[in-house]
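The values are calculated or read from the model by the stated rules, or taken from the named source; none is laboratory data. These figures come from a predicted structure and were not determined experimentally. Here Cβ is always computed from backbone atoms with ideal geometry, including for glycine, and neighbour counts include all displayed protein chains. Side chains included, ligands, DNA and RNA excluded: accessible areas come from the protein's heavy atoms. Shrake-Rupley method; radii C 1.70, N 1.55, O 1.52, S 1.80 Å.
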Amino acid sequence: MLDAQQKATDLFDEVARRGIIAAGESEQAIGDRIRDLANDMFGTTKHWHKRIVRSGPHTLFPYKENPPDRVLEHDDIAFVDFGPIFEEFEADLGRTYVLGEDPGKLRLAADLPVVFEAGRRYFAEQPDITGAQLHAEIARLAREAGWTLGGTGHAGHLVGEFPHEKIDAAEIESYIAPGNTTPMRRTDRAGRVCHWILEVHLVDSARGFGGFHEQLLDLG
């Protein structure tokens, strides 16, 4: 999984280097270019979840929504959430990009990895932590930074060999969510150690934008 995540990180670094996320480009076109770049770099043809490129007001929407295609504007904010599969292991990486110099958008983008790392430290310091407890801490960190926690009521999920949906299916124990009172450090039904993706979706509802950052929580 660490190797899969590194490849996904290399992919997003190359996306930034090539300036693929740019004003005047549509979300769909950007997503297609990233997909093609992943195929060129790694021969990746499978993704375990839909490819997401969201910009402007679309960055407020949770994963399950499917807003219409939108063209990025100057001084915009956008995030990318891809789940490529490398050698049957899932990667799940989300990153935020700011076009222009809007101070609020730049601050949100800068706060995302800070909140993520604070959540990771909290997880590391709590041996018996539950999904509900970590979700509450991520929400607290978001408020402390001056943002609202977005999303669909969870802040991450199990990850592993493709497809991770088979690990406890869609039960609440598979998510970093208020209703998950089971310890996160455990084994699954097959006796494998559970590994987690932490998602941080911060939003500014008043100004109508958000950002997203996700990667492995408990490895690396």
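Contact map, the range 22-40: first residue loosely packed, with under 14 Cβ neighbours inside 10 Å, second residue at pLDDT below 90 and not hydroxyl-bearing (Ser, Thr, Tyr), Cβ cut-off under 9 Å, separation 6 or more or different chains; pairs are Asp32/Arg51.
No other residue among Ala8, Ala29 is modelled with pLDDT of 95 or more and in a helix (DSSP H, G or I) apart from Ala29. Taking the criterion of being open to solvent by 10 Å² or more (accessible area, probe 1.4 Å), of a type in the set (S, T, N, Q) and not in a strand (DSSP E or B), the residues of the range 167-218 that qualify are Thr181, Thr182, Ser205.
Please work out if Val159 is at pLDDT below 95 and touching a His at 6+ places or on another chain (Cβ under 7 Å).
Details: at pLDDT below 95: yes; touching a His at 6+ places or on another chain (Cβ under 7 Å): yes.
Spelling it out, Val159 is indeed at pLDDT below 95 and touching a His at 6+ places or on another chain (Cβ under 7 Å).
Residues of the range 93-129 that are farther than 29 Å from Gly208 by Cα and crowded, with 20+ Cβ neighbours inside 10 Å: Phe123 alone.
Looking at the range 72-92, which of the residues that are surrounded by 21 or more Cβ atoms within 10 Å (Cβ to Cβ) and in a loop (DSSP other than H, G, I, E, B) is modelled with the lowest pLDDT? Restricting to residues being surrounded by 21 or more Cβ atoms within 10 Å (Cβ to Cβ) and in a loop (DSSP other than H, G, I, E, B), the top hit is Ala91.
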